[in-house]
Amino acid sequence: MHVARQSCDANAHPVALAGSNVTYHGLGWNLEERGKIPAAARMALVGTPPTSLDWRNKDGQNWITPIKSQGTCGSCVAFGSVAAFEANIRIANSDPNLDINLSEQHLFSCGGGNCITGWFVSSALNYMRDNGVPPESCFPYQGIDGHCSDTCPNWQSQAYKITSWTWVVSDATSIELALVNGPVVATFDVYEDFGGCAINHPDCGYSGYGGGIYHHTGGWLLGGHAVSLIGYDNAQQYWIAKNSWGSGWGENGYFRIGFGEVGINNGVAAMVYPYQGPVTTTTTTTTTTATAYSTLTTTSTTATTTTTTATSMWLSYSTATSYSPTFTSRTTSTITSTVGGSTTTTTGFTTTTTTIYVAAAVAGFSLVGLGLTVPLLSMTGRHLSRSRRNPRAEGGRA
């Protein structure tokens, strides 16, 4: 297998070469990470997911934020992570129109990303958990390594944090069930048949992905890439992914890729953002009066029942079952009995939880705040791919 080693200005935005119709796109996921994910760190889910899902049209609403462009900087990990996070924030707030636009530049510059050597998904998600990400306006995207100090003052008060995250096992059912909760981060290998010819291989014969369901056919390996998975179709066996190469690329910035192709199932990470949506409360009061004629005593009983229903959005990975979305009903019953001149009040609680699906237990492994701490390994060359230019392709951030 030939691995393309590409190099160019780390601070550049995507540009077409002079006299060429080729545009180069940034990649940036460090391939070394895949081999450093322990099997025990992967969460397995069991259940029966829907046959298909697309968060761009879930319950008649689009929960996905607009397509963006990373330029030629190897910052895909920041873009894929933020794309999934923004959608999960909308879902957690039960508001598909929530105006949320987070700063990839802050995440990349403050978390340790590098345009040339790329980055790790685990490092990005750990930073999102421990520090959070502020709005785009706090540190607009520049397409360079950047300096964390360029973030706006008091950004911490504006930052959004995930609660925790976990790797998901590579079987399609587990990934589908993770997607039921919201978009996830995914990584895969990019070859010339997807990303276009390498810089040093201009006549490779591949123009890159242009639509349809991608299945790898050939070409040099260009590098690793991170995106957000936003849906799937089980019948046709493909994932739906949101890319960061502008809305003029692929299928309006998105692409479909076959299950298991080029490692797409092997580096999927699901994040947790606490449920912020509405809670429904209903109260019913019933009063019953009865007289015992044998003792001429009147008993008055008033029962007040309050039922609160909410949806738990993976609030913690500390136990297998808490990973699962659930519908929880809490019923409070207050019974007041009056016998003669004496009154007695009794309060009782009943909680009923219905689990949609459960996570398989991982023996001896804690999943709270899960994240790998691994050094950024140096890779020679540049994480770049290229494709034939679409007249609508953006030259910077979409």
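The values are calculated or read from the model by the stated rules, or taken from the named source; none is laboratory data. The shown structure was predicted, so the numbers you read here are calculated from the model rather than taken from an experiment. Cβ atoms come from the backbone with ideal geometry, glycine included; neighbour counts cover every protein chain shown. Remember, those area values only see protein heavy atoms, side chains included, never the ligands or the DNA or RNA. Shrake-Rupley method; radii C 1.70, N 1.55, O 1.52, S 1.80 Å.
At-a-glance table
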quantity: Qualifying residue in segment 71-79 (condition: closer than 21 Å to residue 129 by Cα and either open to solvent by 60 Å² or more (accessible area, probe 1.4 Å) or among the aromatic types (Phe, Trp, Tyr) (or both)); calculated: yes
quantity: Residues of segment 124-147 classified as crowded, with 23+ Cβ neighbours inside 10 Å and assigned to a helix (DSSP H, G or I), total; calculated: 4
quantity: Residue selected from segment 80-103 under the condition touching a helix residue (DSSP H, G or I) at 6+ places or on another chain (Cβ under 6 Å) and more than 14 Å from residue 184 (Cα to Cα), by the criterion most open to solvent (accessible area, probe 1.4 Å); calculated: 101
quantity: Some residue of segment 2-23 being modelled with pLDDT of 90 or more and surrounded by 15 or more Cβ atoms within 10 Å (Cβ to Cβ); calculated: no
quantity: Subset of segment 26-70 that is open to solvent by 60 Å² or more (accessible area, probe 1.4 Å) and in a helix (DSSP H, G or I) - its residue that is farthest from residue 195 (Cα to Cα); calculated: 39
quantity: Residues that are part of a helix (DSSP H, G or I), modelled with pLDDT of 95 or more and either within 14 Å of the chain's Cα centre (by Cα) or buried (at least 24 other Cβ atoms within 10 Å of the Cβ) (or both), drawn from segment 151-174; calculated: none
quantity: Top-ranked residue in segment 213-271 [being polar (S, T, N, Q) and touching a helix residue (DSSP H, G or I) at 6+ places or on another chain (Cβ under 9 Å); ranked as surrounded by the most Cβ atoms within 10 Å (Cβ to Cβ)]; calculated: 244
